[in-house]
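The values are calculated or read from the model by the stated rules, or taken from the named source; none is laboratory data. Predicted, not measured: the structure shown is a model, and the values here were computed from it. Heads up, the Cβs are rebuilt from the backbone with ideal geometry, glycines too, and the neighbour counts pull from every protein chain shown.
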């Protein structure tokens, strides 16, 4: 029995093998994560997103992190498939939470009463497996009841197929027969088995047989056909004899114990797989509630095929910034269809980094099948999403800052494919304007030739403006808005790069508060300070 709530043709692998990409200095990936995935978590501040999805539940956190990071590479078919399942979850939230609760009972039941591998003897393994199977059978019946009562309320292919399978496979007759067989394995009427004499008169080919149920009618027990048998009685003080009989009994039930334990593992695996895939959608529901509480609108994004160069949004917000603060987060619009390169420049602290992170989050959430923090969002499906942000100086002084940046860039290149997307934020700024611009120009030029979409926040005017003259039709320049009095609106508008980042605004703010800012300004004004 397969789940198929995250993928149409396979179940979700909770612990896939990471691709063999090279380790990058300065980034320590978590268990099972590549350096590029760990860097994306840090740069987009995905921990805030996962915390909102988990609400303190470590299992929800782990599932959300795995599914979201794998979403960097999901295809169009998978995205549309998950959007249908998520729409069902939004319409039937209470039912989905009840389904998740049923699957979680398997874990709690195992913790409370099933010893599993702690049992050393076949009789103990059989007893534990029987008790656990009885619990799992009850949970399967609850699952079937939920499918009977609510399947008509679900419209997606994923839930439709799941409920149809449950109703077809887990019928009342089947569950009753299974429960009867499991009850028989409790061996209340004793242990009936047969064996042959092998070499040296050693017992071999032990087989456990079904024994008559003592709860059957007394007439059947009296007049029913009985097999011939010889009996003997064991002295209560004969410990060696009791031990020999116990070993003989274990030989007869060992195969049955192994099969029963494997059966319980298979049923448990089904319920745990269902719990895992439901956990992602439960996290999406939690995120919806948290963002709605903060007044952030969500929409179902429209994914486009690879190569369409689609990227547009209205009312786009940085979801993680909204989760980090209670204040209103400024939204922005983006119209970047048919553009391969987006360069963001302008005033320091004008919202460029937040806008870049908002685009990256929206792209990543769309590719996971999630809703996006925007009024409308549409983008082509990327083959992979990568980030290259400026880092602090290496505390261990093993390398220079530029060396570290180039090393991380080399690691990203190892995993790049056509139609990937790379987010740059003040990259290669550890060197001077001329060298930093040249490095940026060569890196971005190579990426564009490889059909990689690039979004670049920079204060390098030489890189941002001069080399792209005559190619404005494939480049979108966005400028952080600044009013005449120096106030930041955190809006990004189309506009060519300026020769200043208005760093003098920050100088004025800091030193005027300290009471040491020179007034009035020197004749001719004070030269603006470049930088971000």
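Quick look at the values:
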| item | result |
| --- | --- |
| Filtered residue count, segment 426-437, keeping only those that are part of a helix (DSSP H, G or I) and crowded, with 20+ Cβ neighbours inside 10 Å | 2 |
| Residue in segment 410-425 that is assigned to a helix (DSSP H, G or I), over 24 Å from residue 69 (Cβ atoms) and at pLDDT below 95 present | no |
| Residue selected from segment 324-352 under the condition buried (at least 21 other Cβ atoms within 10 Å of the Cβ) and either under 25 Å from the mean Cα position of the chain (by Cα) or part of a strand (DSSP E or B) (or both), by the criterion modelled with the lowest pLDDT | 346 |
| Criterion: outside any loop (DSSP other than H, G, I, E, B), farther than 20 Å from residue 359 by Cα and modelled with pLDDT under 95 - qualifying residue of 94, 87, 8, 104 | 104 |
| Options 440, 378, 420: the member that is crowded, with 16+ Cβ neighbours inside 10 Å, touching a helix residue (DSSP H, G or I) at 6+ places or on another chain (Cβ under 6 Å) and at negative phi | 440 |
| Enumeration of residues in segment 129-160 that are without any contact (Cβ under 8 Å) to a residue 24 or more places away in the chain and crowded, with 19+ Cβ neighbours inside 10 Å | 147 |
| Unique residue being assigned to a helix (DSSP H, G or I) and either surrounded by 21 or more Cβ atoms within 10 Å (Cβ to Cβ) or modelled with pLDDT of 90 or more (or both) when the list is 361, 402 | 361 |
| Counted residues, segment 455-507 - those being part of a loop (DSSP other than H, G, I, E, B), under 17 Å from residue 341 (Cα atoms) and modelled with pLDDT under 85 | 6 |
| Every residue from segment 289-320 that is under 14 Å from residue 359 (Cβ atoms) and over 20 Å from the mean Cα position of the chain (by Cα) | 310, 311, 312, 313, 314, 315, 316, 317 |
| Residue, modelled with the highest pLDDT, within segment 374-399, restricted to residues that are in a loop (DSSP other than H, G, I, E, B) and within 19 Å of residue 425 (Cβ to Cβ) | 382 |
| Positions within segment 179-207 being under 18 Å from residue 258 (Cβ atoms), touching a helix residue (DSSP H, G or I) at 6+ places or on another chain (Cβ under 7 Å) and at pLDDT 80 or above, in sequence order | 182, 185, 186 |
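Rundown of residues vs (1) in contact (Cβ under 8 Å) with a residue 60 or more places away in the chain; (2) over 17 Å from residue 386 (Cα atoms), yes/no style:
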| residue | (1), (2) |
| --- | --- |
| 410 | yes, no |
| 416 | no, no |
| 426 | yes, no |
| 430 | no, yes |
| 440 | no, no |
| 443 | no, no |
| 446 | no, no |
| 457 | yes, no |
